[in-house]
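Structure, as structure tokens:
The values are calculated or read from the model by the stated rules, or taken from the named source; none is laboratory data. Remember, it's a predicted structure, so these values are computed and weren't measured experimentally. Every residue, glycine as well, gets a Cβ built from its backbone with ideal geometry; the counts of neighbours run over all protein chains shown.
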Amino acid sequence: MHFVNSKLTKRFDLISTHVILGGFALFALFPIVYTLMTSFKNETEVLTRPPTFFPSTLVTEGYEVVFNSEMVRYYIPNSIFNSMVSSVVVVVLASLAGYTFTRYKFRGSRALELAILGLMMIPGLTNLIPLYRIASELRALNSNIFIVAVYTAGGLPFAIWIIRSFFETIPIELEEAALIDGCTPIQALRMVIMPLAAPGLLAGFLLMFVDTWNEFLAALVLLSGNARTVTVGMYDFQSSFEIAYHVWTAACILIMLPVIVLFIGLRKQFFEAMLAGALKG
């Protein structure tokens with residue numbers, strides 16, 4: 001009897017867990033699916049009351065408008081370039097800093113770590129006016145290179161602490177064994193430490209990529225014209241197409257695609273990195 005109750009309890013727990021998680025998944029996915037369905041409606045159908053979920057006929061009018069606009073020609077490529085370059089640079093610099101903090105203790109190293117942590121508490125909004133003045137003086141307004149530098153500086157503190165935690169989980173004895181075998185410190189870092197820390201580096205890259213992809217305020221202030229990113233472009237896109245919900249939603253789907261494709265391609269490594277960090281932390 002006890003065995004039967006235990007088996008029923010386990011089955012109930014399994015079913016209830018799947019129901020709860022399924023409910024959360026539906027709640028999170030509903031806006032995305034509704035946006036996708038709306039993007040295939042025509043201009044008349046998106047204004048019907050009560051609104052319909054599925055389009056009566058699949059049309060690509062919204063996508064045709066977006067593909068012929070600056071969104072696809074300029075804004076999406078700009079965001080891909082800015083996010084990709086800044087994320088790679090941040091991961092490289094954060095890796096060197098995180099490795100240094102975990103392997104070399106020097107006077108003031110702890111204070112420097114706390115100072116870097118403190119930088120994360122400064123609201124980005126407070127830096128916009130100085131950044132605008134600097135960009136104006138350097139004639140770097142509407143420059144992808146300057147906005148990449150801004151994103152890199154803003155993302156470094158967080159990335160350093162994320163990647164540093166992964167370096168801490170790697171035993172120093174592995175590095176010492178590599179040195180005994182004849183490796184130089186750089187070779188030991190490249191051939192032993194970096195492969196083991198790769199999941200953490202990937203996690204830092206993905207988090208940085210999404211953060212810069214969604215960034216709005218700095219791009220709004222420092223970029224204009226064809227140098228805009230998708231967030232600023234979408235903001236201006238709305239004013240160009242009044243009540244054209246099918247066009248807006250088509251633009252939203254295209255803006256989501258690069259991030260979704262990136263996460264789907266690297267989801268296994270990302271979740272492994274998060275799980276490893278949680279268990280070792």
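Laid out as a table, the results:
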| read-out | value |
| --- | --- |
| Among (1) within 23 Å of residue 227 (Cβ to Cβ); (2) assigned to a helix (DSSP H, G or I), the one test that residue 142 misses | (2) |
| Condition met for residue 54 (surrounded by fewer than 16 Cβ atoms within 10 Å (Cβ to Cβ), of a type in the set (Phe, Trp, Tyr) and within 23 Å of the chain's Cα centre (by Cα)) | no |
| Hits in the stretch 117-139 (condition: at negative phi and either among the small types (Gly, Ala, Ser) or not in a helix (DSSP H, G or I) (or both)) | 118, 120, 121, 122, 123, 124, 135, 136, 138 |
| Candidate set from the stretch 82-105 (those that are at pLDDT below 90 and crowded, with 17+ Cβ neighbours inside 10 Å); member that is nearest to residue 206 (Cα to Cα) | 95 |
| Checklist (1) under 24 Å from residue 33 (Cα atoms); (2) among the aromatic types (Phe, Trp, Tyr); (3) crowded, with 16+ Cβ neighbours inside 10 Å applied to residue 74, failing item | (1) |
| The listed residue being surrounded by 15 or more Cβ atoms within 10 Å (Cβ to Cβ) and within 30 Å of residue 195 (Cα to Cα), out of 79, 69 | 79 |
| Condition check for residue 189: modelled with pLDDT of 85 or more and either more than 30 Å from residue 135 (Cβ to Cβ) or part of a helix (DSSP H, G or I) (or both) | no |
| Positions within the stretch 106-129 being among the hydroxyl-bearing types (Ser, Thr, Tyr) and modelled with pLDDT of 80 or more, in sequence order | 126 |
| Where a residue in the stretch 98-109 is in the same structural domain as residue 204 (by TED's automatic domain parsing) and on the phi < 0 side of the Ramachandran plot and its partner, wherever it lies, is assigned to a loop (DSSP other than H, G, I, E, B) and surrounded by 10 or more Cβ atoms within 10 Å (Cβ to Cβ), with Cβ under 9 Å and at least six apart | 102/170 |
| Residue that is farthest from residue 88 (Cα to Cα) [pool: residues in the stretch 145-192 that are polar (S, T, N, Q) and within 21 Å of the chain's Cα centre (by Cα)] | 165 |
| In the stretch 166-212, the residues that are among the hydroxyl-bearing types (Ser, Thr, Tyr) and touching a Lys or Arg at 6+ places or on another chain (Cβ under 8 Å) | 169 |
